[in-house]
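Novice: Before I ask anything, here is the structure I am working with.
The values are calculated or read from the model by the stated rules, or taken from the named source; none is laboratory data. In this text the structure is predicted, and so the values were computed from the model without any measurement. Positions of Cβ are generated from backbone atoms using ideal geometry, with glycine treated the same way; all protein chains shown enter the neighbour counts. Areas reflect the complete protein model, heavy atoms only, side chains present, ligands, DNA and RNA absent. Shrake-Rupley method; radii C 1.70, N 1.55, O 1.52, S 1.80 Å.
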Amino acid sequence: CLVLAGPGSGKTLTIVNRIRHLIEECKVRPEEILVITFTRYASYEMQNRFKSLMGGVCPPVTFGTFHGIYYGMLRQIYHMTPDQILTEEEQKTMIEASVADVERENHRRPAEKDVLLMIGKVKNNGGFAGISDDPEDRQLYHAYEKRKKEAGRIDFDDMLLLCYQLFCRRPDILKKWQEKFRYILIDEFQDINQVQYDVIRMLAA
């Protein structure tokens, strides 16, 4: 079901009422409902509105962002800890080192560009197709990934990609999460990227 409407017309209200309807009218177990938003603030607001609608009681529906939900799945499988995720400052430092790696390899400075933005787009797209056909971009991407792997760290976008790769490789694990979340509701769906969409399609299959 797709709700398509302008700002302020009641899309969020529709979502929280649908959750209530699933639980009270359709007798769906709250644990089977997954609600995804794009920011932590939106997730908090959605949860509060749902709690208010339910008379101050919040059944155990799972609310979260794409990154938060996917990280939770990875944490259970790979036992990841928050300190494995690069901070923004650490990521910038690693990008600068990767640019220097490519400069040494090519004996010239790479063209000025937002390398972090380019890498994020490639990961969220699931590859370089339609993002860049510049060989230097691939060099920068692989230099960054090499440094990250050597440090045993992941970045924010890796959480989406690793979850996608895990589900492709381990259908048994995917089946476990498919059985857990039988009802999926997504706020601001128009902002979804390719990898987020691919994982959601797998979960909902």
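Novice: Can you spot a residue in the range 122-135 that is open to solvent by less than 20 Å² (accessible area, probe 1.4 Å), touching a strand residue (DSSP E or B) at 6+ places or on another chain (Cβ under 7 Å), closer than 26 Å to LEU34 by Cα and not aliphatic (A, V, I, L, M)?
Specialist: no
Novice: Of the residues in the range 169-205, how many are open to solvent by less than 90 Å² (accessible area, probe 1.4 Å) and farther than 26 Å from ARG49 by Cβ?
Specialist: 9
Novice: Follow-up question, since we're still on this one. Being assigned to a helix (DSSP H, G or I), of a type in the set (Gly, Ala, Ser) and either under 23 Å from LEU174 (Cα atoms) or open to solvent by less than 30 Å² (accessible area, probe 1.4 Å) (or both) is the filter here, so list the residues in the range 43-87 that pass it.
Specialist: Matches in the range 43-87: SER43, GLY68, GLY72.
Novice: How many of the residues making up the range 147-184 are part of a helix (DSSP H, G or I), touching a residue at least 40 places away in the same chain (Cβ under 8 Å) and closer than 26 Å to ARG109 by Cα?
Specialist: Total satisfying the criteria: 3.
Novice: If I ask for residues that are assigned to a helix (DSSP H, G or I), closer than 22 Å to PHE189 by Cβ and open to solvent by 40 Å² or more (accessible area, probe 1.4 Å), which ones from the range 16-42 would you list?
Specialist: ASN17, ARG18, ARG20, HIS21, ARG40, TYR41
Novice: Considering only residues that are touching an Asp or Glu at 6+ places or on another chain (Cβ under 9 Å) and free of Cβ contacts under 8 Å to residues at least 60 places away in the same chain, which ones fall in the range 122-146?
Specialist: Of the range 122-146, the ones touching an Asp or Glu at 6+ places or on another chain (Cβ under 9 Å) are 122-124, 126, 128, 131, 139-140, 143-144, 146.
Within the range 122-146, VAL122, PHE128, ILE131, GLN139, LEU140, ALA143, TYR144, LYS146 meet the criteria.
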